[in-house]
1. For the stretch 5-113, which trypsin sites (Lys or Arg not before Pro) are both in a DSSP coil and crowded by at most 14 other Cβ atoms within 10 Å?
2. Less than 27 Å apart at the alpha-carbon level, and either on another chain or at least 8 residues along: which lysines does that give for Lys49?
3. Can you work out D for the chain in µm² s⁻¹ from Stokes-Einstein, where Rh is the Kirkwood radius over C-alpha pairs, the temperature is 10 °C and the viscosity is 1.306 mPa s?
4. Tell me, what is the FRET efficiency for Ala161 and Val35 to the nearest 0.05, using R0 = 35 angstrom and their Cβ-Cβ distance as r?
5. What is the Cα centroid distance between the stretch 86-122 and the stretch 1-64, reported in whole angstrom?
6. Give the aspartates and glutamates reachable from Lys75 as a straight Cα distance under 14 Å; neighbours fewer than 8 places away on the same chain don't count.
Amino acid sequence: MKHLPNILSLLRMVGTVALLLCDVVGTTFWALYIVCGISDIADGWLARKLKCATRTGALLDSMADICFVACCAWKLLPILELPQWLWLWAGVIVAIKVVNQVSAVVMYGRCYFPHTLANKVTGFLLFIAVPMTFYTVIPLAIVAAVATFAAIHEGCVLARAQSSHT
């Protein structure tokens, strides 16, 4: 039972890779998308409920999240008509996240993915905004605003963790 959250994260990775084989306009893609999104919520909740949260599990969850976002982006970005300002904004968010990870590697010798409330809210909003993007970019603009805050906040958490180690 204590491995169930990690098993869910691994299954999310498998489901995410399976998304690459599906047609974006098909029901299989969106069914897998929903299952992967729900499993993201379920694995963390189960880890806390079963009192089996570990650093390895948190890292596995983060890797599954990155895999999910990357595979969805690979499938969806070529068919969505996003304005240039949104692409630039996304690039800024990615740059902040990369700087955070480079800082973590320099400070700790490893990547550091804090599971902050801001990051969780960003993930949830992104999950529900993606299907709406076929109709309007407004939900993605809202996600971008929250994601910007979350990325900056992540850097602050990283800096605070460093100051507590010294």
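Each reported figure results from applying straightforward, stated rules to the coordinates on display, with no laboratory input. From a predicted model like this one, the values you see are computed outputs, not experimental measurements. Every residue, glycine among them, receives a Cβ derived from its backbone with ideal geometry; neighbour counts consider all protein chains shown.
1. Lys51, Arg110
2. Hits, sequence-local ones excluded: Lys2, Lys120.
3. Working: Rh = 16.8 Å.
Once the numbers are plugged in, D ends up at 94 µm²/s.
4. Values: r = 33 Å, r/R0 = 0.95.
Here the calculated transfer efficiency is 0.60.
5. About 20 Å separates the Cα centre of the stretch 86-122 from the one of the stretch 1-64.
6. By straight Cα distance, Lys75 reaches Asp23.
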